[in-house]
Every structure is written in structure tokens, then in C-alpha cells.
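Here the structure is laid out as C-alpha cells; the discussion comes afterwards.
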Amino acid sequence: MPRRGVISLWESHLHISRHWLIIGLVAGAMAGITAVSKAEGPSVAISGTWQELPNTKIRDVLPDPNGYPIDPLTGQALWNPVNIMAYSGGVQIPSEREVVVDGGGHQTYPGNEKYSVPYDGRPVSRIGMPSIYPVDGTTNETYADGRPAQRHTSDSMVFIPEFNAIFKSGGALWQGGWPSAAAWLFYLDTREDERLPDHPPGDYGAKSIHSVAKWHPGLKKVIVRGRNYIALYDPFAKTWEEKARASWNESEMTGLLDTKRNRLVALGHGRSEVWDLESWQPIYDSRDVAGPIPFSGPIFHDAFGPGFVYDEIGDQYIGWTWNTPSVLYFVSPDTWAVTAAAMAGTPPGPFAWSSGTFGRFVRVTDPFDGVVVIPSIDSNAFKVVFDRQAPPDTVTILQAVFRSRRSLLIVQATSSAAPEAELFVTVPGCVTDAPMQYRPGTGQYRLRTTDCQGLDGQIATVTSGFGGSDATTIR
């Protein structure tokens, strides 16, 4: 195993270009906002305001470093805890209204404790104390007490409600960065770890540094997209089932489960994939499967571990990246059109580790409708509460004419929101916001009035209480 301070071969290809890539991403992503497609975007317009969640700084509940091994290079214990979020994420526990943060690994942070970050007004808390960890350069799956060694968790953490437990697999281990084939369950009730069967067959392909895992509520199994496979783990039978071989991948991707289309969608660090979970075949792979490009540009496709979640209410994907913190990106699952929307307020500040958020960006439906992100241990968590606005209805004027020597005005129109919509007619110098009558059975609205004398070239405008409108020259 490599000595402390030596980058392992498994991750050397990732570290070589990271510095320059991150610098380029900041400028590239900001420029990319103006190029994002606005057409055929989400069916529901969303606005909101960034708000801090008070008393949620992880720094406030860090363990006392006294008694822990000293880094021979820095002379410090527990190294630098800001690195808890290095290439690491978290997992949402909806029943507890919290996100559990767990991470570090490789040459960043050795502590294997976890942190509960509530989003319902409660303060942050630490879950357990870190194990005593080695500082001699050795790299193992477990520490001396049998608990799992810390690792980059990426997007590998999954909450299994039937067990009230957190699943994780793979990762770059403390401290050499070697990949892992192991899987673990952490029981929230007892705070105990259970080593699960490794992903078979235990060869090169079974070990992953950066994997994507999601709980499938229909199958009652964990979907794992590993280094070169996609597999299912059955927590009841404690068995693995490989579903398909996949192209090689160790990119820092974040995934989501599209429950409506039964798809696994993942993207990040220059890769994007869409898997059909009926046939277990890729619908799209940016590396080697031809087809329309779902995501492009640095905002999604090249960002490290972006926030990426499925909004079932709006039937859309929502993305967020550290380099454009005020903006949420709304993605149509059918057209892949992306709408960038800047939220009001002050967004999260710069990351100490610009290696992504993964599962620290979550979709929330209780106690509010919105999203939550945990940016760093020195920052409070942030939330955006959504204000969903129905799109304007489509109003179409069918007829606008004068009759009876231009003393009778007749206007007929339709609305895509009929019969709920209320329509109003305005003709300058004639009528202003005159209500139209809906005619059941026809799907049409009608106005007949003799309140004005028609003139050549007059314009009739029909507006809806739902925001739609149409205008035409009266004949």
C-alpha cells in the first residue's frame, strides 16, 4: 500500500487535471447559463428564496481530537475536518426530516463518525465518535475496532426504510485511496455497522471509487451503478444480482431514480447516463451510446457531483452546482430542455472542497416543498421553499366582429383552462375587462354588447385570470 502523502494509481488520473478543470468550470459554467435552452422547459414555473437553516453547522459538533493519532506531516489529530465533504455526500432520512452526512477517506479525513443535519428547525448533531485510525500509510476495509474505514462516499449512500438503516458501497479508502468492493449497513436505531457481502466476484471490476446507488421502492432493492456494472442488492436475502455490464466509469456522478419512467439517470464530471430499469439497458451513455445528448455544457455534464434530484410534483429533474450557487436548473425528462432560474436571497458560499455535493442536495416535501443543500461544515445548511406557479393558459380568439351597423360587438374565444378560467374582453374606447360568458357543451366563451360604436382597425384583446391572452383586429 502507498505511504501517507503518495497518491494511489487508482486516483492519480483524477487528481492530475482537477486543479485546472475546476478553474475552467467556474468561468465556463457562468457563461453557460445564457446558453441554456429555455424552450419546452418544466410544466410548472418555480421561484423561491435561499434561506439559511440556523444551528446546522457541523463544525459546532465536531469530536474532541484529544486522544486521536497525530498526523506526522501536520502534527494535528483528525487531520482537517473540513475534508469530511471531500468527494463525499450524504443521504436523506425523510421520516426524521434530516440529512445524514458521512465522508472523507483517502488522504483527506479519517473519522468514520456521521452527522445529522435536520431541516425542520432542530440543531445539527453528531452520530457517534470516530474510531482510532492508522497513520502509518496502511489501507484496510476496516479499522482496528471492526468498524468501516472512512472513504469517499460520493453518491453511494442509500436509506432503506424497512431497516431504518443506511447502505453504502465502494469508495476510496483511508488512506491510500484504494477502491472497495465492500458494502455496509449502518442501523440508525442501534448505531451499529454490519458488513454485507462484497460485490462479486471480487476482481478489479467489483471495486469502485465512485459509485451511484439508489433505493428502488418497487423492487425493494438497492440499485448500484459501479465501475463497470449495474447491479441489484437485496437487503432481505443479502444477495447481489448483476443486471448488466456497463462502460467503465469512475466519474463523480450523482444519480436520481425517475419513478414515473423507471429510469436511473446519472451525470457529473463529464459523463451522463440514462438506464431503462425494465430492460436494464442504457438509453443513453455520453461515452459510447449514440442518441440525443441529454445534458451538455459545464453546468451539468462537467460539474463534480452536482446536486441532482427528481421532483415528482413537477415531474422534472432539479440540478444545482457549487459554481453557480444562486441558480437551480429545471430539466424536462422528455425533451431534456434545461431552464435556469436564479432564486432570490443569498445562496450558499464557496465550497472548501469543490468536489461536489452528491447526496447533500435533497428534495424535500415535508415540512415544506423545496430543496436543501449542505455546502460545508463551516456553513449552515440552506433551503429553498418553492413557490409553484401554474403556466398561463392558452387563449384563442375564434371571432371578433361588429354587427348591426357596427353597434353590436360579438367576441368568441376558448381557453385551455376552461371552464375554470375567467375571460375578459378589452376594446379601447369601447369596453374594458368586460366578462365573457362560458357556454357549457361548446367549450367556448362569448361576449355580446352594444355598449360601443365600432371603428375601423379596432383591436380586441381577451385576457384570462390564469394569465393567458390573445388579440385580434375586429372585422
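The values are calculated or read from the model by the stated rules, or taken from the named source; none is laboratory data. As the structure is a computational prediction, the values presented were derived from the model and not from experiment. Please note: Cβ atoms are built from the backbone with ideal geometry, for glycine as well, and neighbour counts cover all protein chains shown.
With respect to Arg126, is the statement that it is assigned to a strand (DSSP E or B) and either free of Cβ contacts under 8 Å to residues at least 12 places away in the same chain or more than 24 Å from the chain's Cα centre (by Cα) (or both) true?
Answer is yes for this residue.
Could you check Ala413 against (1) at pLDDT 95 or above; (2) surrounded by 20 or more Cβ atoms within 10 Å (Cβ to Cβ); (3) closer than 27 Å to Gly314 by Cα and say which number it fails?
Unmet condition: (3).
Taking Asn228 as meeting all but one of (1) within 26 Å of the chain's Cα centre (by Cα); (2) over 21 Å from Asp285 (Cα atoms); (3) surrounded by fewer than 18 Cβ atoms within 10 Å (Cβ to Cβ); (4) of a type outside the set (A, V, I, L, M), write down the number of the exception.
Asn228 satisfies every listed condition except (2).
Determine, yes or no, whether Asn66 is surrounded by 15 or more Cβ atoms within 10 Å (Cβ to Cβ) and assigned to a loop (DSSP other than H, G, I, E, B). Working first, answer last.
Details: surrounded by 15 or more Cβ atoms within 10 Å (Cβ to Cβ): no; assigned to a loop (DSSP other than H, G, I, E, B): yes.
It is false that Asn66 is surrounded by 15 or more Cβ atoms within 10 Å (Cβ to Cβ) and assigned to a loop (DSSP other than H, G, I, E, B).
Considering (1) assigned to a loop (DSSP other than H, G, I, E, B); (2) in the same structural domain as Val362 (by TED's automatic domain parsing); (3) of a type in the set (A, V, I, L, M, F, W, C), say which one Phe466 fails and leave the rest.
(2)
If you go through the stretch 50-90, how many residues are free of Cβ contacts under 8 Å to residues at least 24 places away in the same chain and touching a Phe, Trp or Tyr at 6+ places or on another chain (Cβ under 9 Å)?
Count: 1.
Conditions tested, residue by residue: (1) in contact with a helix residue (DSSP H, G or I) (Cβ under 8 Å, 6 or more places away or on another chain); (2) assigned by TED's automatic domain parsing to the domain that holds Val117; (3) under 30 Å from Leu62 (Cβ atoms).
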| residue | (1), (2), (3) |
| --- | --- |
| Ser332 | no, yes, no |
| Thr335 | no, yes, no |
| Ala342 | no, yes, no |
| Gly345 | no, yes, yes |
| Gly359 | no, yes, yes |
| Val362 | no, yes, yes |
| Val371 | no, yes, yes |
| Val385 | no, yes, yes |
| Val401 | no, no, no |
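If we scan the stretch 161-182, do we find a residue that is hydroxyl-bearing (Ser, Thr, Tyr) and assigned to a loop (DSSP other than H, G, I, E, B)?
There is no residue in the stretch 161-182 that is hydroxyl-bearing (Ser, Thr, Tyr) and assigned to a loop (DSSP other than H, G, I, E, B).
Inside the stretch 439-468, can you point out the residues that are of a type in the set (Val, Ile, Thr) and surrounded by 13 or more Cβ atoms within 10 Å (Cβ to Cβ)? Give the steps one after another, and end with the answer.
Of all residues in the stretch 439-468, those of a type in the set (Val, Ile, Thr) come to 442, 449-450, 459, 461-463.
Of everything in the stretch 439-468, those that are of a type in the set (Val, Ile, Thr) and surrounded by 13 or more Cβ atoms within 10 Å (Cβ to Cβ) turn out to be Thr449, Thr461, Val462, Thr463.
Going by what's in this entry, would Ser169 be described as within 21 Å of the chain's Cα centre (by Cα) and of a type in the set (Ser, Thr, Tyr)? It would help to see each step written out before you state the result.
Numbers: within 21 Å of the chain's Cα centre (by Cα): yes; of a type in the set (Ser, Thr, Tyr): yes.
Against the criterion (within 21 Å of the chain's Cα centre (by Cα) and of a type in the set (Ser, Thr, Tyr)), Ser169 qualifies.
Considering only residues of the stretch 252-300 that are aromatic (Phe, Trp, Tyr) and crowded, with 18+ Cβ neighbours inside 10 Å, which is modelled with the lowest pLDDT?
Among those that are aromatic (Phe, Trp, Tyr) and crowded, with 18+ Cβ neighbours inside 10 Å, it is Phe295.
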